[in-house]
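Structure first, then comments.
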Amino acid sequence: MKNIKKLVVLVLIFVLLPFASVFGWNSHGLTLSYVVSNIYWLKKYSSIKITPYTYKEYETQPINPDFQIKYLEGSIGDKTDAITILTTYADEPDWGLDENMKLSKLQILTGGPQGYRHMYYKMGPITIGAAPNQIEFWFHMAEIAKSKNDLYWTFRFLARALHYMEDLTQPYHGTPGPTSIILKNIFSGVQGLTIMCSNHHYALEDYQGYMVNIGNPDFVKTLEENYLPIDVGNVNSLTELGNYAASLNRERVKILWFLETKLFHDDVNSKNAKFKLTDDKIVKLDRKIQTQYNEALLYSLKYFNGFSRLLLEYAKIKLNL
């Protein structure tokens, strides 16, 4: 019976994935800004020259052929700093970097190449998604840039690596919903179940984004805490580290889903309509339940902080920054 349940859930995940959100946390850059605010070694890189992209020949993985490099903090030749680069371009992988490609036969199950590279679903020995590999790839590109004394692209590639690491700390990036919920609703219609799972995914992102945007003290404290999930000396592979990050939060959806239902009421469980959590709805939420939800959500957001710090500390050592 247990194996049958796993098979049913796995099949349903494959059906659900094309409709799942490919975004992780809301606003990587703004959220990351609190993390890096007290990483003091980054501040010594206060005058970095913006340089052109000259790394096409080093791309060992395909990039969207239509992707256009943007310079948002200035023009080539201008000066910027490491923290600005990291917080500006931590969102760059969501700007079409991974679209318009044929990466794998399995990408049809993730809604395309974007989803395939930003997710990491796992059921027993079967996995789907390549987010952990992307951390390794972009870190290697940062190594190449550093070997050329190009600090601008060293940090910009690190910003891309951080994005995928942070995606893997978002609970709904590891599973569309609790197994019990999926099994209970599997026969009531896949489309309706898909809408419900997406509603919870986006509700979490909208709520987290709002709290970070207003500088909620509990969220700021969690992101500014000097926390590492493991000792940096124990990191042997960034791909393995990404796998580990994803494994830590998959079970959290059971708690989050239950509290989201209590906090946002039946609308979030709708199988017919998309649920949108707006600012005016958030300010009217039940404070007691909201406190419980904050606690559960901050448990996962702590990993956003910890794995971001860990990757940067690893970069400091490996890249001699």
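Key figures for this structure:
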{"quantity": "Label-reachable residues, segment 211-235, where backbone N falls under 19 Å from a point 7 Å from residue 251's Cα toward its Cβ", "calculated": "229-230"}
{"quantity": "Ordering of 183-195, 67-79, 125-137, 303-315 by burial proxy (mean other Cβ atoms within 10 Å per residue, highest first)", "calculated": "303-315, 125-137, 183-195, 67-79"}
{"quantity": "Estimated distance in nm for a label pair at residue 127 and residue 265, the labels positioned 7 Å out from Cα along Cα-to-Cβ", "calculated": "4.2"}
{"quantity": "Helix-only mean residue ellipticity at 222 nm for the chain, each DSSP H run of n ≥ 4 adding -39500 (n - 2.57), per residue, nearest 500", "calculated": "-17000 deg cm²/dmol"}
{"quantity": "Set of aspartates and glutamates with alpha-carbon distance to residue 44 below 13 Å, sequence-local pairs under 8 removed", "calculated": "81"}
{"quantity": "Residues 182, 144, sorted so that the one with the fewest Cβ neighbours within 10 Å comes first", "calculated": "144, 182"}
{"quantity": "Cβ-derived FRET efficiency at R0 25 Å, residue 183 paired with residue 61, nearest 0.05", "calculated": "0.10"}
{"quantity": "Length gained when the stretch residue 53-residue 140 is fully extended (0.36 nm per residue, less Cα-Cα span)", "calculated": "29.8 nm"}
{"quantity": "Translational diffusion coefficient (Stokes-Einstein; Kirkwood radius from C-alpha pairs) of segment 228-321 at 10 °C, 1.306 mPa s, in µm²/s", "calculated": "101"}
{"quantity": "Too-long pairs where the Cα-Cα distance tops 23 Å, listed order kept, from 70/148; 274/302; 254/288; 184/274", "calculated": "274/302"}
{"quantity": "Nearest-0.05 FRET efficiency for residue 236 and residue 44, computed from C-beta distance (R0 45 Å)", "calculated": "0.95"}
{"quantity": "Contour excess over end-to-end distance, with Cα ends at residue 226 and residue 95 and 0.36 nm allotted per residue", "calculated": "44.2 nm"}
{"quantity": "Förster radius 22 Å - calculated FRET efficiency between residue 218 and residue 280, Cβ distance, rounded to 0.05", "calculated": "0.55"}
{"quantity": "Where the Cα pairs of segment 2-318 fall when distances are cut into 10 Å bins, in %", "calculated": "6, 27, 34, 23, 9, 1, 0"}
{"quantity": "Which of 27, 114, 186, positive extreme of dipole for segment 2-318 (C-beta unit charges)", "calculated": "186"}
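Only the coordinates and a few stated rules stand behind these numbers; no lab work does. Keep in mind that this is a model prediction, so the values were computed, not measured. No Cβ is skipped: glycine too gets one built from the backbone with ideal geometry, and neighbour counts run over all protein chains shown.
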